[in-house]
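Colleague: The structure that follows is given in the form of structure tokens.
The values are calculated or read from the model by the stated rules, or taken from the named source; none is laboratory data. Keep in mind the model is a prediction, meaning the values are calculated, not measured. Cβ placement follows ideal geometry from the backbone for every residue including glycine, while neighbour counts extend to all protein chains displayed.
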Amino acid sequence: MSHQPVKSHQPIVFEELKTADGALIAVARLNTPKALNSLSLEMIRLLTPQLKRWAEDDRIRAVWIEAEGDKAFCAGGDIIALYRSMTEPQRGAGASEGAAFFTEEYEMDYLIHSFPKPVVCWGHGIVMGGGIGIMAGASHRVVTEASKLAMPESSIGLYPDVAAGWFLNRTPGRTGLFLGLTGARMNAADALFIGLADRFIKHELKTAVVADLIAQNWKGEDAFAMVGSVLRQHENQSADALPESPVRAHFDEINRVTDADSLTVMVAQMMELASGDGWLAKATRPLEAASPTSLALCWQHLRNCRQDSLSEVLAKEIMLSRNCLSKGEFAEGVRALLIDKDKQPRWRYASLAEMDSEWIDSFFKN
């Protein structure tokens with residue numbers, strides 16, 4: 001029994017698929033492929049209430065989140081819209097729209113993390129920033145041979161958010177800190193190694209996975225175990241396509257260069273790798289152009305959140321992100337990379353060494 005996806009012009013498409021025994025599998029499909037399914041406030045305001053309805057509906061046994069197109073699951077938040085809210089406030093409405101975006105995005109992320117039913121996220125293609133925010137909370141996170149994950153916020157004057165203060169602190173060694181500072185791209189095997197994914201399944205098997213879920217008898221069964229069993233079978237068929245994990249291969253070196261008592265020393269140690277070739281050089285090279293403010297925010301935020309619960313982390317991130325909206329560094333980063341595209345951001349401080357500690361402290365205050 002195969003399922004043909006519904007075509008629609010809505011930014012998110014919702015479906016409910018009937019199973020063999022009359023239960024339902026709910027599907028949410030991000031549907032702005034030309035924008036790499038970047039997350040807008042409108043999409044958040046569609047998805048959150050729908051997830052709440054599905055949580056309460058006893059007929060729904062599991063939720064499946066995917067995206068239209070082959071390029072990206074979700075390339076992050078719609079930061080061009082956020083830029084407009086920072087630079088073109090309409091009688092005060094713009095700044096509040098940016099604050100609403102972050103607040104409602106994090107509420108949605110928390111809802112996925114705490115969802116009472118299985119949530120499968122099919123993380124095919126590019127999964128960055130806000131895309132990882134959706135995926136990280138799913139109970140069954142699937143990556144494919146084309147998955148490319150990253151938290152590249154330091155290149156635009158932001159910091160790794162969407163609960164990164166929680167999930168980057170739970171990775172092996174200091175890999176989370178390394179990936180947060182550099183914005184390095186991860187493949188499927190890296191995501192499995194650091195704990196951001198649960199299963200590797202070839203993308204060509206997606207239709208078969210959905211068909212198998214529909215074919216199950218769900219009544220009276222443990223829905224989480226049922227989903228796990230179906231995914232495990234398809235993962236076993238995919239083992240030959242799993243790539244090597246560069247993060248795992250370079251684990252000792254990553255821990256060595258992130259062993260420092262100050263961020264300035266740490267970044268200098270990491271930058272020494274940038275002149276070589278291979279994965280580590282490619283991973284650390286973006287540090288040269290990154291916002292020093294962003295690097296300091298990432299470092300401090302991860303330190304502040306080490307012992308925090310998920311809800312405590314997200315509460316801190318709401319405040320931090322609101323401050324990022326008003327202090328100019330984020331707007332300048334987006335301008336240079338995505339608006340004027342001159343790739344010449346004029347960061348407030350040219351280097352970590354020049355930075356005033358009071359500037360960073362101000363981001364962590366209401």
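For (1) in contact with a Leu (Cβ under 9 Å, 6 or more places away or on another chain); (2) free of Cβ contacts under 8 Å to residues at least 40 places away in the same chain; (3) not in a loop (DSSP other than H, G, I, E, B), each residue gets a yes or a no:
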| residue | (1), (2), (3) |
| --- | --- |
| LEU297 | yes, no, yes |
| ILE318 | no, no, yes |
| ARG322 | no, no, yes |
| GLN344 | no, yes, no |
| ARG348 | no, no, no |
| GLU358 | no, yes, yes |
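Colleague: Still on this structure, please answer the following. List the number of the failed condition for LYS327; all other conditions in (1) under 21 Å from SER85 (Cβ atoms); (2) in contact (Cβ under 8 Å) with a residue 60 or more places away in the chain; (3) of a type outside the set (S, T, N, Q) hold.
Modeller: (2)
Colleague: Follow-up question, since we're still on this one. In this structure, is LEU310 at pLDDT 95 or above, farther than 23 Å from THR264 by Cα and touching a Phe, Trp or Tyr at 6+ places or on another chain (Cβ under 7 Å)?
Modeller: Against the criterion (at pLDDT 95 or above, farther than 23 Å from THR264 by Cα and touching a Phe, Trp or Tyr at 6+ places or on another chain (Cβ under 7 Å)), LEU310 qualifies.
Colleague: Only one residue in ALA99, ALA81 is in contact (Cβ under 8 Å) with a residue 60 or more places away in the chain, more than 27 Å from GLU244 (Cα to Cα) and not in a loop (DSSP other than H, G, I, E, B), so which one is that?
Modeller: ALA99
Colleague: Provide a single number: the residues in the range 38-78 that are assigned to a loop (DSSP other than H, G, I, E, B) and farther than 18 Å from LEU24 by Cα.
Modeller: 9
Colleague: Taking VAL119 as meeting all but one of (1) crowded, with 24+ Cβ neighbours inside 10 Å; (2) closer than 19 Å to VAL27 by Cβ; (3) in contact (Cβ under 8 Å) with a residue 60 or more places away in the chain, write down the number of the exception.
Modeller: (3)
Colleague: Something else now. Applying the selection to the range 129-149, what residues are among the hydrophobic types (A, V, I, L, M, F, W, C) and either more than 19 Å from THR284 (Cα to Cα) or surrounded by fewer than 24 Cβ atoms within 10 Å (Cβ to Cβ) (or both)?
Modeller: ILE132, ILE134, MET135, ALA136, ALA138, VAL142, VAL143, ALA146
Colleague: Which condition from (1) more than 24 Å from LEU149 (Cα to Cα); (2) surrounded by fewer than 22 Cβ atoms within 10 Å (Cβ to Cβ); (3) at pLDDT 95 or above is the one that LYS71 breaks?
Modeller: That leaves (1) as the condition not met.
Colleague: Can you list residue pairs whose Cβ atoms sit under 6 Å apart, with the first residue in the range 58-78 being under 15 Å from HIS203 (Cβ atoms) and the second being of a type in the set (Phe, Trp, Tyr) and part of a strand (DSSP E or B)? Count only pairs 6 or more apart in sequence or on different chains.
Modeller: GLU66/TRP122; ALA67/PHE73
Colleague: Considering VAL257, VAL209, which residue is in contact with a helix residue (DSSP H, G or I) (Cβ under 6 Å, 6 or more places away or on another chain) and within 23 Å of THR144 (Cβ to Cβ)?
Modeller: Just a single option satisfies the conditions, and that option is VAL209.
Colleague: Out of ALA241, ALA274, ALA225, I need the residue that is touching a residue at least 12 places away in the same chain (Cβ under 8 Å), closer than 30 Å to THR207 by Cα and more than 22 Å from the chain's Cα centre (by Cα). Which one?
Modeller: It is ALA241.
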